[in-house]
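Inspection log for the structure reproduced underneath, given as structure tokens.
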Amino acid sequence: KQHSVMAAIQCAGNRRDDFNKQKEVKGLTWDVGAIGNAVWSGPKLRDILMWAGVDPESPELMHVHFEGLDKDFEKNYAASIPIDKAMSPAGDVILALQMNGEEIPIDHGFPVRAVVPGVVGARNVKWLGKVHVSKDESKGHWQQLDYKGFSPDADWRSLDFNSAPAIQELPVQSAITHIKPESDVISIKGYAWS
């Protein structure tokens with residue numbers, strides 16, 4: 001069965017430029033534009049996993065892995081999400097086949113993209129080639145060696161990435177994108193999402 005979900009997908013580095021003004025951080029310097037919104041359509045991941053015989057109560061299954069068809073560090077791009085997120089009966093994780101009512105464009109993950117609303121963009125794997133469940137979290141670079149949260153006093157030269165969990169859910173976000181004085185009134189535009 002096909003389902004549709006409107007979801008904003010955001011890179012965890014969105015607004016990293018703001019952080020760099022306080023203290024240099026690792027990663028590409030994004031302003032407020034590393035975010036997009038679309039209506040995604042496809043089967044629920046839960047339905048597919050249940051059809052494949054996955055038992056959501058199994059203590060041996062803690063993570064759902066996504067493997068893309070693209071290469072990254074000479075391996076296929078890989079990430080994972082907690083199985084509770086993937087298997088929630090009220091959840092909206094889908095394997096998208098369409099974006100805004102049309103076939104997904106190549107740049108956005110054709111032919112299949114994992115869409116995990118509310119979770120960092122790095123877990124919404126494009127060009128999806130494989131899904132499997134495991135007791136362990138993905139060993140992919142972007143799961144283990146990047147996209148982790150550290151305190152502002154972290155020293156990037158001596159950081160132990162194994163000391164922090166991989167980023168999954170993101171906090172409420174907002175950004176002011178336009179400020180325009182209009183006589184005694186100031187017009188402000190922006191966005192907020194959760």
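The values are calculated or read from the model by the stated rules, or taken from the named source; none is laboratory data. Predicted model, so just to flag it, every value in this text is computed and none were measured. When we count neighbours, we look across all protein chains shown, and the Cβ atoms used for this are built from the backbone with ideal geometry, even at glycine. For the accessible areas, the whole protein counts, side chains as well, though only heavy atoms, and no ligand, DNA or RNA atoms are used. Shrake-Rupley method; radii C 1.70, N 1.55, O 1.52, S 1.80 Å.
Output the residues belonging to the stretch 33-58 that are at pLDDT below 95 and closer than 19 Å to residue 111 by Cα.
Across the stretch 33-58, the qualifying residues are 36, 37.
Output the residue which, of all residues in the stretch 115-145 that are under 22 Å from residue 74 (Cβ atoms) and of a type in the set (A, V, I, L, M), is surrounded by the fewest Cβ atoms within 10 Å (Cβ to Cβ). Can you show your working first?
So in the stretch 115-145, the residues under 22 Å from residue 74 (Cβ atoms) come out as 122-123, 125-132, 134, 136-145.
Subsequent filtering for residues that are of a type in the set (A, V, I, L, M) retains 122, 125, 128, 131, 145.
Values: 122: 21, 125: 32, 128: 21, 131: 19, 145: 13.
Among them, the one singled out is 145.
Can you name the residue in the stretch 60-97 that is over 22 Å from residue 7 (Cα atoms) and without any contact (Cβ under 8 Å) to a residue 40 or more places away in the chain and is also surrounded by the most Cβ atoms within 10 Å (Cβ to Cβ) among such residues?
71
Can you list residue pairs whose Cβ atoms sit under 7 Å apart, with the first residue in the stretch 17-28 being of a type in the set (Lys, Arg) and the second being assigned to a loop (DSSP other than H, G, I, E, B) and open to solvent by 50 Å² or more (accessible area, probe 1.4 Å)? Count only pairs 6 or more apart in sequence or on different chains.
23/152; 26/156
What are the residues in the stretch 128-183 that are part of a loop (DSSP other than H, G, I, E, B), among the aromatic types (Phe, Trp, Tyr) and in contact (Cβ under 8 Å) with a residue 60 or more places away in the chain, if any? Steps first, answer last, please.
At the first step, the residues of the stretch 128-183 found to be part of a loop (DSSP other than H, G, I, E, B) are 135-140, 145-147, 149-160, 164-165, 167-168, 170-172, 183.
Filter again for among the aromatic types (Phe, Trp, Tyr), leaving 147, 150, 156.
147, 156 - these are the residues of the stretch 128-183 that are part of a loop (DSSP other than H, G, I, E, B), among the aromatic types (Phe, Trp, Tyr) and in contact (Cβ under 8 Å) with a residue 60 or more places away in the chain.
Looking only at the stretch 24-59, filter to residues that are within 26 Å of residue 100 (Cβ to Cβ) and among the acidic types (Asp, Glu); which one of those is least open to solvent (accessible area, probe 1.4 Å)?
47
Given the structure, is residue 158 loosely packed, with under 12 Cβ neighbours inside 10 Å and either more than 27 Å from residue 3 (Cα to Cα) or at pLDDT 95 or above (or both)? I'd like the intermediate steps shown before the answer.
Working: loosely packed, with under 12 Cβ neighbours inside 10 Å: yes; either more than 27 Å from residue 3 (Cα to Cα) or at pLDDT 95 or above (or both): yes.
Judged against the criteria, residue 158 is a match.
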